[in-house]
Structure formats: structure tokens, C-alpha cells
Amino acid sequence: MNRKHVRTLVAAAAALGAVVLSLSAQAGERLDRVTETKVLRVGTPADYRPFAMKEEGKLVGHDIELVEAMAKTAGWKVEYVITPWKDLEAGIKGNKFDVAVGGITQTLARAGYAAFLPGYAPFGKVALVNKKNKDRFTTPESLNDPSVRVIKNPGGTNEQYVLEHLKKAQVTTHEKNYEIPGMIARDQGDVMITETAEAKLYVKRYPELHAAFLDKPLTPVSEMGFMMPTDDADFVRSMGFLWHLMDIRGELDRIEDKWLD
């Protein structure tokens with residue numbers, strides 16, 4: 001089954017989910033506000049290449065280009081709300097933004113309080129390590145050792161993996177996710193847990209780095225997703241329709257080829 005057929009099935013499933021949601025949730029005022037103000041508030045940590053990253057004073061990346069294409073199609077402007085990973089849930093629940101993007105993993109926990117657009121960029125957890133140590137880290141158990149210096153960023157699923165599986169390691173927290181690969185390259189730490197797409201990107205950027213477990217990830221496959229509040233079924237359905245337009249017009253493929261392949 002090719003990618004287009006898969007996406008057609010996913011879009012159909014998303015449409016059905018939107019119908020079910022519309023029957024079970026009372027439509028709110030979110031879509032009315034976005035339509036009237038012509039402003040879509042987008043929350044993002046903006047620190048996760050290649051999905052959303054601030055470079056030369058502006059936000060760039062797969063998710064940024066895609067959400068802006070969706071907004072442009074609807075005649076909306078995008079207003080970014082920079083939000084740390086640890087505050088995404090509070091931002092969704094507290095009406096700080098209308099959709100969250102930036103390489104957000106779809107999880108059962110997040111599905112409990114948010115709606116997702118169709119998934120993209122299948123991935124598993126991998127370990128970024130210094131190339132000189134690649135023969136040292138060949139099994140998941142080798143990462144969980146008192147001699148291993150693990151650097152994590154707070155608030156996301158990478159941190160969850162570290163806290164659950166690397167309890168014996170020396171774990172430190174660094175607030176800026178995008179700085180950690182450089183720290184591993186400079187031998188200021190041994191391991192960074194991340195996802196497939198980010199690992200591939202940083203291995204190209206830093207010749208000192210090696211992506212361990214790339215062929216056999218540490219976790220089962222997951223997908224990224226644009227995350228939205230569930231207080232307005234009409235808004236969720238409209239965002240799903242915009243995603244569908246991006247698909248049939250070739251924008252999903254174009255943007256994916258540009259940033260993720």
C-alpha cells in the first residue's frame with residue numbers, strides 16, 4: 001500500500017473521528033474567534049529540528065511550513081506562542097493557543113486531553129552519542145550504567161524515556177534541547193535520547209556524532225501530530241479539512257520531502 005493510499009485511509013479515519021467528536025462534544029467559540037480575527041495561535045517549543053526551530057530570527061521547519069500553509073489556505077495569519085515542552089499540556093488546557101506543533105509525539109496520555117491531526121514522520125527513540133563511543137553503546141542496557149552521562153531536556157517523551165529506563169545513569173537536565181547535540185559532540189555528555197528524524201539531522205551537522213539504534217529503535221514506532229484543544233468540535237473538524245487539502249494538493253509530500261527525507 002503506497003503513501004497516498006495510506007493517507008486516504010488516515011484522512012477517512014480522521015473525518016470519522018471528527019464526526020464522533022462532534023456528537024460527543026459541544027461546539028465552542030474557538031472557530032468563531034479564529035474566523036473573526038483571522039489569527040491562528042500556534043504553540044511550539046521551537047527547539048526541535050527539523051520540525052520547528054528558530055534560525056536567523058525566524059521560525060523554520062517542517063511543522064512551521066505546514067501550519068503556515070494551512071493557515072494561508074484558510075485566510076488566517078499565524079501568531080506563535082513559544083511554549084516549553086513541560087507547559088504544552090497547560091497551554092492546551094488553558095487556551096494559550098489553538099494548535100501545538102513542533103515534533104509532538106502522539107501518546108495515549110496526550111490523547112486524553114487533546115485532539116490530533118493525522119500522524120506523520122514515524123519514528124522510534126534512538127541515542128545520540130559521540131562517535132568515539134559508538135562501540136560502547138550497542139544495547140539498551142549499556143545506556144543504563146552509573147558511568148554514563150545522560151543529558152535530557154525537560155517536559156517531553158524523551159525525558160520520560162530517560163526517567164523510566166536510564167535510572168542508573170548520571171542524568172542532568174538542559175533546558176535548550178537544540179544545544180544538547182553539540183554538548184555530546186564536545187564530550188560534555190555521553191548520551192542524548194531523541195527521535196529518528198532529529199538524530200539523522202544532527203549526525204549530518206556534527207561529524208563527531210553517531211546515532212545508535214537507528215536501525216532498531218529503543219521503542220516501538222510512534223508518530224508526530226499537530227495537537228489541539230477538544231473544546232470546539234467545529235474547529236477540530238476544520239483543521240482536519242485543511243490537512244486534507246494539504247494532502248490532495250501535494251503540500252504534505254512537498255514539505256515532507258523538503259524537511260524529512
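Read-outs throughout are calculated quantities, based only on the coordinates presented, and are distinct from any laboratory measurement. What you see is a predicted model, and the numbers here were worked out from it, not measured in a lab. Every residue, glycine as well, gets a Cβ built from its backbone with ideal geometry; the counts of neighbours run over all protein chains shown.
Rounded to whole Hz and in sequence order, give me ³J(HN,Hα) for region 67-80 from the Karplus expression 6.51 cos²θ - 1.76 cosθ + 1.60, θ = phi - 60°, writing x for Gly and Pro.
The phi angles translate into 5, 6, 5, 5, 5, 4, 4, 7, x, 10, 9, 9, 10, 7 Hz.
Could you point to the residue in Phe123, Ala69, Val171 farthest towards the positive end of the chain's charge dipole, with +1 and -1 charges on the Cβ of Lys/Arg and Asp/Glu respectively?
Checking the options against the dipole of the chain, the answer is Val171.
Please list, by residue number, every one of the GluC sites (Glu not before Pro) in region 43-102 that is coil in DSSP and has at most 16 other beta-carbon atoms within 10 Å.
Within region 43-102, the qualifying GluC sites (Glu not before Pro) (loop, at most 16 other Cβ atoms within 10 Å) are Glu56.
Match the structure shown to one of the listed values (i) 34, 18, 18; (ii) 27, 25, 18; (iii) 42, 18, 17 of semi-axes √(5λ) of the Cα gyration tensor in Å, computed from it, and give that label.
Calculated semi-axes √(5λ) of the Cα gyration tensor in Å: the matching label is (i).
Taking loop as defined by DSSP and a crowding limit of 14 other beta carbons within 10 Å, which trypsin sites (Lys or Arg not before Pro) in region 129-175 fit?
The qualifying sites are Lys134, Lys167, Lys168.
Skipping prolines and chain starts, which residues have an amide H placed within reach, meaning under 5 Å, of the one on Ile104, given they are 5 or more residues away or on another chain?
Under 5 Å from the amide H of Ile104 lie the amide H atoms of Gly225, each far enough along the sequence or on another chain.
Could you tally the net charge around Glu175, taking each other residue with its Cβ under 14 Å from the Cβ of Glu175, Lys/Arg +1 and Asp/Glu -1?
Net of charged neighbours comes to -1.
Which three semi-axes in whole Å describe the equivalent ellipsoid of region 165-257, each the square root of 5 times a Cα gyration tensor eigenvalue, listed largest first?
After scaling each eigenvalue by five and taking roots: 34, 18, 13 Å.
Charges at C-beta only: +1 for Lys and Arg, -1 for Asp and Glu. How large is the resulting dipole of the chain about its Cα centre, in Debye rounded to 20?
Here the size comes out at about 400 debye.
Of all beta bridges DSSP finds with both residues in the chain, what is the antiparallel percent, to the nearest 5?
Roughly 60 percent of the beta bridges in the chain run antiparallel, per DSSP.
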